[in-house]
Structures are given as C-alpha cells and as structure tokens.
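All of the numbers you see were taken from the coordinates with simple rules; none came from a lab. Since this is a predicted model, take the numbers as computed values, not measurements. Heads up, the Cβs are rebuilt from the backbone with ideal geometry, glycines too, and the neighbour counts pull from every protein chain shown.
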Amino acid sequence: MADDEEPELHDHLSGDDPALFLVEPTGVVEWDVEAPDPSPGAPSTPPSSTQSDGLRSAVSSMALGTMVSRGSGLLRVLVLAWALGLTPIADAFNLANQIPNMIFDLVLGGVVSATFVPVFIAELEHHRAKDAWKSISAVLTVSIVGLAVATVVCVAGAPLIVDAFTGLHHTAAIDPVTLGMQRHAATVLLRWFVPQIFFYGLLALTTSLLNVHRIFAPPMWVPVVNNVICILILVLFAKAGRAPSLTDLAASPNRLLLLGAGTTAGVLAQALLLLPFLAKTDILRASWRFDLKDRAVAKVARLGAWTLGLVICNQIALFVILGLAFGLGGNGQVSAYSYAWIFFQTPYAIVSISVTSGLTPALASAHAAKDHTAFAAHFSKGFRSIVVLMVPIAVLVFVLAKPAMELLLGLHSVGGGEATLAGQALAAFALGLPGFCIFQFVIRAFQTRHHGHAAFALYVVENALTIALAIALVGPLHVTGLALANSIAYSATAVVGFVWLRKDLGALMGPGTARAVTRVLGASLAMGLVAIVAVNLSTSTTTGGLLFRLGSAGIGAGVTYGLFLALIRHYERPL
C-alpha cells in the first residue's frame, strides 16, 4: 500500500463458521483508533459509480458467502449426528473439537477481532510504509510464536486437558472402564485437533491483512471447503458403521485416526486457501521480527485487554458447562447440549445480528456527536425490532423444539430418547432467545460508547450467574438445566444492562415501543397456543408424521399471528 493511500476502517469479520462453535459471541469491541483529520479545505471526492458497483459486488459476495457457509455448517452438524449419533464417541468428539476453539480464543482470537485491523491501519496511515511494516511484522511474528507455543504445549498436555474437562460432577451411572475408554478417545482426538489452534490463528492473521487491503469476500467463502471436507470424512467414517461404540473403535483405531486427521485437514485447507489472496496485499514487505517492545505490539495488548477479559469469562463458563454435561454420563449429553446450542444460535445469527449491525453506524454517529437523544432513539428502534422479531421466533422454537430435533436427529439412528433430550435443551434455550439477543444489543451499545468496562462487568455477571445456576439445575434437570441456566442468566443480565444504560442516557423506550411490544406478546401467545394444538394433533414420529406435525403447526401459527395483529390494528383505528 502506498504511503498516500487512506485505507478505510472496517470491522474485522471472521471467516469461521459460527454454526460450528459453542464459543459465545462477545459483540464488537471498541477501537481506540481514529482516522486522521483531512487537510483544511481539502475537497471531498464522492465515490465513483465504478467504486459503488465494486462495493455492492463485494457486499453481495460476502453476504452470499456467509449464507452458504452457515448452510453448509448446519449440514455438517446433521451429518455429524448421522455418523456418530448421540453416543459416548460423539461426546468425546464434540468435547475434543471444542477445546482448540477455546484455547485459540484465549491465546489470540479475541485480541485479533478487537485490535489487529485498526492497529494495522493506524500504522499504515501515520507512519512511513517501511516503519509501518516493521511494526506489523512484529505483531505477526509475536502472534505466530504464541500460536506455535500454545499448540506444542497443548499436544503435550492433551491428557491433562481432557482430564480437567471430564473431572466434574460424575454420576454413579458412569462405568469407570467406559469413562477411561472415552477419555482415551477424547485424548487421541484432541492431539489431532490441537494443530487447529495454529491454523485458526493463520486464518485470523490472513483475514486481518486482507481486510486492511479491502478484501473481504474470500474469508466468507473458505469455510465452505472446510465443511465439505468434514462432511466427506464423516461419510467415509460411517461406511464402516454409524454410531460406533467405544469398543468398536478400540478394535479399529484407524477409524479414530480418520476422524481426527480428517477434521483438522478441513481447517488446514480453509487456512491454505486464503494464502493466495495475500498476493493482492503488501505481504512481501513483512519480515520475521520478534519484538515484544514494538509500539504496535504494545498497542494491541492495550486495546485487546477488555476483549481478552470477556473471552476469559466466557471460556470459564463454557468449561464448567461442558464439564457438567460430560459428568452426566458421557452418553450424548455433551452432544445434545452442543446441537441444541447450534440451532438456538441460528435465528440470532440470521436475524438479530442483522438488526444490531445495521444500527451500529447510527449509534456510533450519535455517540460521536454527543447526541444522547439520537442515541436513545436508535437504541429504542433496535430494541423494538429485536423484540418484534425474536419473541415470536422464540415461542415457535419452544413449542416445536422436540419434534424438530426428532426429525433432524432422530431419523439418523441416534435414538429417539437422545433426540428428545436435545429437543428439551433447545426448548430451554428458546426461553432465553429474546433475552440473549437484547443482551448482545446492550453490549454493542456500551461498546459503541467506548464503555468496555461496562461490557466486561456485564459478562462477569452473566457468566457468574450461568455457572451458579448450572451447578444448581444440572442435578434435577440434567442437560435441560444447563440450557435453562444460560437462558435465565442472559435474560437477567440483559435487564441489568438495560437499566444501567437507561441510567446513563435517560429514557430508552421511544414512542410506541411499549404498544408494539404488547402487540407482539399477545400475538405470540395466541400463535403459541395454536402451534401447541396443531403439533399434538398427531403423535407420529415417522418422517412423514413429523413433517406433517411441524408443517401444520407452522402454517397455523403463522396465520394466527398475522390475524391477531390485523385484528388489533383494526380495533385500534379511530372511529
């Protein structure tokens, strides 16, 4: 990049498919980097039609890539359930495959999303290209060394890591021999999965460099390759028998090798596919430079502190949740929780994130102008939109969770009982869907106002509540209790955050918000009652029967929701 070019400031967009991870979103963190003021009297040049067309094309490609990535990610989850079932080996796989994601976020992931793009841009804008790339090189080198060290340590410590995750709250129903075999399988898989830490880091660093050079679409598309490879590996694995027992795998260790090496090969392919796009950047200016005292390294450490705190809080809570789930018996409990979480995240990822991201520029502009009234108005609009969209979705997911999971998972020889368990967990998650989305929006509002301390405090409260409730509810309610703990914690903390924000800004509920929320609550209640009746007209668990039950409930619920709102509008009209 030439010295006189002015790169734009953009949010860091991860190319990883969130549908495959349990790691909770931390929102968009504040960037303490400002673009330089333009020279006095400098004319502003409007974007040309060619630039506008290029921007529209890039946005369209990003949106399509994200949609395809999410779709292929959900398909991968279904194939995973088909191949492994909800069995001890499924729990070992899901536990081992989650650990590299958690460690990556602790080592680098959160800091990358918070700081790398703005710090790199600031270096290129405020320093000569040679000096800027020296500092960028220092950040890249320190990151690569940190990733490599973490990978080596985790390979060596894999047995201890697995023991830590599987040492909580074991019930008397767990056979010690079975537990030992499951821990061994998880350890073998984890050793194959640990290199993913380095590959995820390579993905994050490459994506940051591409974003700095205004290249955004490729990171959205490469997860598709990862998902396709993993689907093929799972199909090959299932050819020798679906949902195998631990004894079967002990007699055929090559199957475990295929599962572990094949899954990591997908992440490696995803990382390698991004590297050719670096040819469009100034990557050849980079060099190996390990310097912990470099100004850019210091700035990354400073700016990423709050985000690292959020990540640590999330990982502690997730560690406890996974440990408690595994301790329930290791027979599909972790997998049931994992699958339920993934499907719970889908409406948030598709609907709520769109609302939040769309309003972020307006919130940021209002804050920059110190216009509290405008900020409150934009927040009210977002709050109303999230409630109007997410409450009916939550009601429908709650009512239809059990037959939906039976259809998606029970038909793949995972067993109706285990699929029902996942359905109950999804229903418990659904109770907290509006609260979860509002919590994320409140976090975004605080971060937009550069109040990282407030966001951190809310995450501490939320995760502390989650851990306390999970420990209290896991005994009587099992996996459903773990999901319910999340729902209660997010909803309660959303209220705390809302009150805190109102204390800072004053009234947050704009005109008509209360009436709109009341309408939606009434329509959603009516819709839910109709869906309950419709889905229970039959108790069939065959493919056709489940499709009929879900279809009739969905149609009936949609019609009821629309009619209810239409009637309210009719009777509210002045005579």
How big is the stretch 332-575 along each principal axis, measuring the range of its Cα positions in Å and listing the largest first? 59, 54, 27
How high is the relative contact order of the chain, in percent, with contacts defined as C-alpha pairs under 8 Å that are six or more residues apart? 20 percent
Along the three principal axes, how long is the chain when you take its alpha carbons, biggest first, rounded to the nearest angstrom? 77, 74, 43
Distances over 16 Å make up what percent of all Cα-Cα pairs in the stretch 484-575? 70 percent
Dividing the mean separation of Cα pairs under 8 Å (6+ apart) by the residue count of the stretch 360-504 yields a relative contact order in percent of 26 percent
Provide, as a two-decimal number, the C-alpha radius of gyration of the stretch 193-348 over 2.2 N^0.38 Å, N being how many residues it has. 1.32
Mind scanning K370/K503; K130/K299; K293/K370; K381/K402; K134/K370; K130/K280 and naming the pairs with a C-alpha gap bigger than 26 Å? K293/K370; K381/K402; K134/K370
Using just the alpha carbons, could you tell me how many Å³ per residue the convex hull of the stretch 60-156 encloses? 128 Å³
Any residue on another chain or 5+ positions along whose placed amide H is under 5 Å from the amide H of T87 is listed here as G332
List the chymotrypsin sites (Phe, Trp or Tyr not before Pro) within the stretch 92-121 that DSSP assigns to loop and that have no more than 10 neighbouring Cβ atoms inside 10 Å. none
With the 8 Å Cα cutoff and a minimum separation of six or more residues, the stretch 332-575 has a relative contact order in percent of 24 percent
Using R₀ = 56 Å, calculate the FRET efficiency as 1/(1 + (r/R₀)^6) where r is the Cβ-Cβ separation of D131 and V461; round to 0.05. 0.85
